[in-house]
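Following: one structure in structure tokens, then a few remarks.
Just so it is clear, none of the values below were taken in a lab; they were calculated from the coordinates. It should be emphasised that the depicted structure is a prediction, and the values quoted were computed from it without experimental measurement. Positions of Cβ are generated from backbone atoms using ideal geometry, with glycine treated the same way; all protein chains shown enter the neighbour counts.
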Amino acid sequence: MTGIPMIDLFAGCGGMTQGFVEEGFDPLLAVEWDRAAAATYAANFGEDHVIAGDIADVPTKEIPRARVIIGGPPCQGFSNLGLKDITDPRNQLWREYLRFVSAANPEVFVIENVDRFSKSPEFQMLLSEQDHGTLKDYDLTHAVLNAADYGVAQRRKRTIVIGSRIGRIEMPAPTHAQRPAEGSALKPWRTLRDVIGHLPAKPASTELPTGADRKRDFNGETMPGPFTELDLHIKRNPRDESLERYSFVPPGGGRFDLPYKLQSRCWQDKPTGTTDVMGRGRWDAPSVTIRTEFYKPEKGQYLHPQWEPAPVQNHGYEGAVKGDPDRSVDRVITHYEASLIQDFPKDFKWVGTKIQIARQIGNAVPSGLARAIARQIRPFLDGRVPPA
Ligand SMILES: C[S@@+](CC[C@H](N)C(=O)[O-])C[C@H]1O[C@@H](n2cnc3c(N)ncnc32)[C@H](O)[C@@H]1O
């Protein structure tokens, strides 16, 4: 091992690990109970250190010492009940997390969670552990960071908590901005054009490739994969009615651009809100947050950004503007495009079914955001920043 030894808890397919590995960290243990996600992780970072199971089942004596722990438990809830009962099952995963911190005794840990995390009882629990519990030796800093501010072509806001017992570590400074001020060293946000503009508009297939070389044994189970690059550039087979709908949505638009008659009953009944539904991205802006069901246009602004209005509007829907079929791409983004928007390297290897891989992509921390955090904590671990 040459890098800085780290543990990734709730590792998923390894989006966060990817960013840390690129900055010279070396994973010596990863825990993830979704078997397909763990298999993807293993295909990219090695199988020898992956525990594909429930974190609660990892015996404490098997937890190695590590200099860094990354990854945070999924947040269970945002009720106002507070954190009165430590035996509440919602707290179970956080107790597991603290068990790992106690056993591995890392110098630094990094938690990623939803943007509202600081309003959650789980966050209160962290603070109380810092006051007089397992985390009493750690300085905690936290903030909501937007991946777009760190060179990722996606607006994705996440709470990051950095715990350090080798000196307080502030959040990394943004490297990008929506509109950098004149003379600023910040670069403009990266855009959809930057990351998916080069890809074929018309994917060849609706399915992941099959064949003997596309089956992988992981922990005694055979899974589809590995898949990489254009293997994942797969289209869907929308109904004619859906295609007709897509054609009326301009870049940045959504369900409100559809002629009333083409709107589904529930949209007709809900004239406001859920503006992203059936939305289309913009070439010159970052994507919206990639979620686990990005392949469903009704889930967000996931239509391909290419769209030009038809020169003649003779569709019979007054007031609506239809796209030119020859200059528009009426489909959702592909798995490959979503993986690039999430900042995975193009040769990242994926294991699982289409739905499993989409979940892995949507759940991940974009590697660019992880890299920025890794780069921020690295000098502390190298002893280049004296403890305060
Ligand atoms: C937000 S995702 C993590 C994403 C990951 N950090 C990345 O960048 O790719 C949270 C993960 O926690 C896993 N998970 C939830 N409960 C778990 C448990 N009890 N034991 C192990 N993994 C668990 C989920 O399967 C999911 O993949």
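In table form, for the structure just shown:
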{"item": "Reachable aspartates and glutamates, given that their alpha-carbon falls under 12 Å from the alpha-carbon of Lys322 and they are not under 8 places away in the same chain", "result": "Glu244, Asp257, Glu308, Asp330"}
{"item": "Per DSSP, loop chymotrypsin sites (Phe, Trp or Tyr not before Pro) in the stretch 136-230 with at most 12 further Cβ within 10 Å", "result": "none"}
{"item": "Those trypsin sites (Lys or Arg not before Pro) in the stretch 109-147 that DSSP places in a loop and that have at most 10 other beta carbons within 10 Å", "result": "Lys136"}
{"item": "Given charges at beta-carbon only (K, R positive; D, E negative), |dipole| of the chain in Debye", "result": "660 debye"}
{"item": "Ranking of Lys235, Lys187, Lys202 by count of other Cβ atoms within 10 Å, fewest first", "result": "Lys202, Lys187, Lys235"}
{"item": "Residues Phe123, Phe256, Phe20, Phe380, sorted so that the one with the fewest Cβ neighbours within 10 Å comes first", "result": "Phe256, Phe380, Phe123, Phe20"}
{"item": "For the chain, calculated [θ]222 nm from helices alone, where every DSSP H run of n ≥ 4 adds -39500 (n - 2.57)", "result": "-7000 deg cm²/dmol"}
{"item": "Angstrom value of the Kirkwood radius, inverse mean 1/r, which spans all Cα pairs in the stretch 277-381", "result": "15.8 Å"}
{"item": "Computed FRET value (nearest 0.05) for Lys136 with Asp276, which takes r as the C-beta separation and R₀ as 35 Å", "result": "0.25"}
{"item": "Those lysines that a straight Cα-Cα span of less than 16 Å connects to Lys349, excepting residues fewer than 8 apart in one chain", "result": "Lys215"}
{"item": "Qualifying trypsin sites (Lys or Arg not before Pro) for the stretch 1-75 [loop in DSSP, other Cβ within 10 Å: at most 11]", "result": "Arg65"}
{"item": "Glu308/Arg239 FRET efficiency (R0 35 Å; Cβ-Cβ; nearest 0.05)", "result": "0.90"}
{"item": "FRET efficiency estimate (nearest 0.05) - Cβ-Cβ, Thr2 to Ala212, R0 30 angstrom", "result": "0.25"}
{"item": "Between helix 354-363 and the chain: long-axis angle, C-alpha atoms, 0 to 90°, nearest 10", "result": "60 degrees"}
{"item": "Hull-based mean projected area of the chain, where the convex hull spans the alpha carbons, in square nanometres", "result": "22.6 nm²"}
{"item": "Of Lys157/Lys346; Lys119/Lys261; Lys157/Lys235, pairs whose Cα-Cα distance is over 32 Å", "result": "Lys119/Lys261"}
